[in-house]
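S.K.: So that we are looking at the same thing, I have put the structure below in C-alpha cells.
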Amino acid sequence: MSETQYQAFDEMDKPSADIIDDCVHCGFCLSACPTYLETGNELDSPRGRIYLMNAASNGEIPLEGSLVKHLDMCLGCLACEPACPSGVKYGSLIEAGRAQIERRYERSSFDKFYKSMIFTLFPYKQRLKLMLPLFYVYQKLGLRSLVQSSGIVGRISPKLASMEEMLPEVESPTFPKELPEVIAAKGKQRYRVAMLTGCVQSAFFSKTNEATARVLAENGCEVLVPQNQSCCGALSVHSGRLSEGRDFAKLTIKTFEELDVDAIVINSAGCGSTMKEYGEILKDDPEYADRAQALSEKTKDVMEFLFDIGLEGDLKKLDIKVTYQDACHIGHAQRIKEQPREVIKQIPGLEFIEMPESDLCCGSAGIYNLVQPEMSQSLLERKMSNVRQNKVDYLVAGNPGCLLQIQKGIKNNGLNIKTAHPVQLLDWSYKGSVS
C-alpha cells in the first residue's frame, strides 16, 4: 500500500531543491533565530522550516497545518544567513515558500480581507498620504485615546488592534511636500545620485527624506528625485506576493535605469535589500534579468554610501547620547553593520552607546507586526528590555518599520527616548541643532 503523496507545492516559484540541500542541519542558525529563541520549537527555526519545505517539496506533507503555521511565523529577518557556515540562502527559500502559501492556501475570509486592505494601501504612497488628514483628526480629537482605552478594537481582532497601535503621530493635516526633482550639490559636485523616496517613508517620515537629500547635497552630491517613482516591491516580495513584487520591481527599473547616476541611494532597509535582490528576483525574465542586475549593483543604503565616499562639510557638535538598532534588512540582508556606526561616531560631541542584542529583530519585519501581533509583541518586549539597559536620548534605526515598532514600545513603557533615522543625526550636525 503506497503512502499518500501530497501536492503542497507546484512548480511556480518552488523552493530550490539545491538550496534546501545546502542545509546540513548543523544548528548554527538556532541561536540567531528570534522566533526559535522565543518558542524553543525546532520548527520555528530556519533548520526546522527548511525541513518542512523539503517534506512539502517531496510530497510528504500537505499545504496546511504545521507547514503554513511555521512559515507564517518566520520574520524573514535573515539573521540565520550570516550565522550559517554553509551559506544557505534562506531568504530565497522563505520567499518562495510563502509565495506557494499566498497563491495556493485558502485563508479565512477575515485574513484575506485584512491582507487585501494592507496591500491596497501600504505600497501606494499617494493613498497613504490621503489618509493623513483622517489620522490627524482621529488623534487630535481624542478619538484614538478613547478607542485604545475602551479595548474595543482588540476584542474585534488583535490584528486590527496592532494596526491601530502602529499609527504614527501625525503632526499636520496637510500633505508632506514633495522633494524637488533636482537638488544641487553644495560646493564642488563629487557625485550624481538618484534617491528612492519610498511609500511609508514618503507619507510618515518625509522629514527623513528631506534630511537625506540635504546630507547628500552637503557631501557634494547632485540628487535626482524621480517624481513618478512607485513602490519598489519590498513588502510584496517579503510577504510571498512575488508576482506583485516583480511588477513593482519592473516599474522601479523603468524609472531609474535611464538616469546617469553613480548610485541609487536608499534610506529604508527593506527597500534597499529588495532592490539589491532584483537581479535574483528577475533572473528568469529575459527582458529584465540584465537590467535588474545592473540596477541592483547601483543600489546603496545611504549610510553605506556616505561611509564609502567619506563625509565632507562642517559637522557641528551635538551633545546627545545615541544607540543604534540594526534593522534586519540592513544588518543581516545587506551585511551593513559597521558603516552606520562609524559614520555616526564622526559627529562631534555625540556619545555612542552600543545596545545589547542590537541586531535582534524588534518584531516589525515588514507587515509581520500586523499579521503576527503576539510574536511581534514578545520580540518588542525583549527589545525594550535591552533599550532600558542604557540611558540614551535617541535610538536610531535605518528603517521606518523599525522606528514605528520601537516608538510603540517606548510609548508603552513610558521611556523618555526619542527615535530618528541615523541620517537625521548628520543633518542636525550640519545645521548645528537638534530639530
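The values are calculated or read from the model by the stated rules, or taken from the named source; none is laboratory data. Predicted, not measured: the structure shown is a model, and the values here were computed from it. Because the Cβ atoms are built from the backbone with ideal geometry, glycine has one as well, and the counts that use them run over all protein chains shown.
S.K.: Can you confirm whether the stretch 116-132 contains a residue that is in contact (Cβ under 8 Å) with a residue 12 or more places away in the chain, under 23 Å from Gly240 (Cβ atoms) and over 24 Å from the mean Cα position of the chain (by Cα)?
M.R.: Checked against the condition, which is being in contact (Cβ under 8 Å) with a residue 12 or more places away in the chain, under 23 Å from Gly240 (Cβ atoms) and over 24 Å from the mean Cα position of the chain (by Cα), the stretch 116-132 yields no hits at all.
S.K.: Among (1) outside any loop (DSSP other than H, G, I, E, B); (2) out of contact with any Ser or Thr (no Cβ under 8 Å at 6 or more places or on another chain); (3) surrounded by fewer than 20 Cβ atoms within 10 Å (Cβ to Cβ), which single condition is Glu258 missing?
M.R.: (1)
S.K.: Considering only the stretch 195-220, how many residues are of a type in the set (S, T, N, Q), part of a loop (DSSP other than H, G, I, E, B) and within 14 Å of Ala269 (Cα to Cα)?
M.R.: First pass over the stretch 195-220, keeping only residues of a type in the set (S, T, N, Q): 197, 201-202, 206, 208-209, 212, 219.
If we keep only those that are part of a loop (DSSP other than H, G, I, E, B) as well, we get 197, 219.
So of that shortlist, the ones also within 14 Å of Ala269 (Cα to Cα) come out as 197.
Result for the stretch 195-220: 1.
S.K.: While we're here: Scan the stretch 343-369 residue by residue and report those that are among the charged types (D, E, K, R), surrounded by fewer than 18 Cβ atoms within 10 Å (Cβ to Cβ) and under 28 Å from Met163 (Cα atoms). So that I can check it myself, show each step before the final result.
M.R.: Filtering the stretch 343-369 down to residues among the charged types (D, E, K, R) leaves 345, 351, 354, 357, 359.
Narrowing further to those that are surrounded by fewer than 18 Cβ atoms within 10 Å (Cβ to Cβ): 345, 351, 354, 357.
Within the stretch 343-369, Glu357 is the sole residue that qualifies.
S.K.: Next question. Considering only the stretch 308-322, I want to know if a residue exists there that is at pLDDT 95 or above, on the phi > 0 side of the Ramachandran plot and out of contact with any Pro (no Cβ under 8 Å at 6 or more places or on another chain).
M.R.: Yes: one or more hits.
S.K.: Still on this structure, please answer the following. Within the bounds of the stretch 102-124, is there any residue that is part of a helix (DSSP H, G or I) and in contact with a Cys (Cβ under 9 Å, 6 or more places away or on another chain)? Before the answer, list the steps.
M.R.: Narrowing the stretch 102-124 to residues part of a helix (DSSP H, G or I): 102-104, 109-121.
Within this subset, residues satisfying the condition of being in contact with a Cys (Cβ under 9 Å, 6 or more places away or on another chain) are none.
No, the stretch 102-124 contains no residue that is part of a helix (DSSP H, G or I) and in contact with a Cys (Cβ under 9 Å, 6 or more places away or on another chain).
S.K.: Which numbered condition in (1) crowded, with 18+ Cβ neighbours inside 10 Å; (2) over 14 Å from the mean Cα position of the chain (by Cα) is the only one that Asn267 fails?
M.R.: Checking Asn267 against (1) crowded, with 18+ Cβ neighbours inside 10 Å; (2) over 14 Å from the mean Cα position of the chain (by Cα), the one that fails is (2).
S.K.: Anything in the stretch 182-211 that is β-branched (Val, Ile, Thr) and more than 20 Å from the chain's Cα centre (by Cα)? List them, or say none. Walk me through it before giving the result.
M.R.: Going residue by residue through the stretch 182-211, those that are β-branched (Val, Ile, Thr) are 182-183, 193, 197, 200, 208.
Within the stretch 182-211, Val182, Ile183, Val193 qualify.
S.K.: Of Val170, Val147, which residue is surrounded by 14 or more Cβ atoms within 10 Å (Cβ to Cβ) and either without any contact (Cβ under 8 Å) to a residue 24 or more places away in the chain or closer than 25 Å to Arg246 by Cβ (or both)?
M.R.: Values: Val170 fails: either without any contact (Cβ under 8 Å) to a residue 24 or more places away in the chain or closer than 25 Å to Arg246 by Cβ (or both).
That would be Val147, the only listed residue that is surrounded by 14 or more Cβ atoms within 10 Å (Cβ to Cβ) and either without any contact (Cβ under 8 Å) to a residue 24 or more places away in the chain or closer than 25 Å to Arg246 by Cβ (or both).
S.K.: Another question, then. So which pairs qualify, if the first residue must be in the stretch 410-433 and of a type in the set (S, T, N, Q), the second must be crowded, with 22+ Cβ neighbours inside 10 Å and part of a helix (DSSP H, G or I), the Cβ gap must be under 7 Å, and the two must be at least 6 apart or on different chains?
M.R.: Short answer, once both residue conditions are applied: Thr419/Leu403; Thr419/Ile406; Gln424/Thr208; Gln424/Ala211.
S.K.: To continue, here is another question. Name, by its number, the condition in (1) over 21 Å from Gly363 (Cα atoms); (2) touching a Cys at 6+ places or on another chain (Cβ under 8 Å); (3) small (Gly, Ala, Ser) that does not hold for Ala32.
M.R.: So the condition that Ala32 fails would be (1).
S.K.: How many residues does the stretch 149-183 contain that are farther than 30 Å from Asp111 by Cβ, assigned to a loop (DSSP other than H, G, I, E, B) and either at pLDDT below 90 or in contact with a strand residue (DSSP E or B) (Cβ under 6 Å, 6 or more places away or on another chain) (or both)?
M.R.: Pass one, the stretch 149-183, residues farther than 30 Å from Asp111 by Cβ: 171-183.
Filter once more, keeping what is assigned to a loop (DSSP other than H, G, I, E, B): 171-181.
Subset that is either at pLDDT below 90 or in contact with a strand residue (DSSP E or B) (Cβ under 6 Å, 6 or more places away or on another chain) (or both): 171-178.
Of the residues in the stretch 149-183, 8 are farther than 30 Å from Asp111 by Cβ, assigned to a loop (DSSP other than H, G, I, E, B) and either at pLDDT below 90 or in contact with a strand residue (DSSP E or B) (Cβ under 6 Å, 6 or more places away or on another chain) (or both).
S.K.: Which helices (runs of 4 or more DSSP H) does the stretch 37-94 wholly contain that include 1 or more residues that are of a type in the set (Asp, Glu) and assigned by TED's automatic domain parsing to the domain that holds Cys23? Show your work before the answer.
M.R.: On the way: elements: 46-57, 65-73, 80-83.
So the answer is 65-73, 80-83.
S.K.: Here is a follow-up. Could you check the stretch 323-342 and list, in sequence order, the residues that are crowded, with 22+ Cβ neighbours inside 10 Å and either at pLDDT below 95 or of a type outside the set (S, T, N, Q) (or both)? Before the answer, list the steps.
M.R.: So the first thing to find is which residues in the stretch 323-342 are crowded, with 22+ Cβ neighbours inside 10 Å, and the list is 323-334, 336, 340.
Result: Tyr324, Asp326, Ala327, Cys328, His329, Ile330, Gly331, His332, Ala333, Ile336, Pro340.
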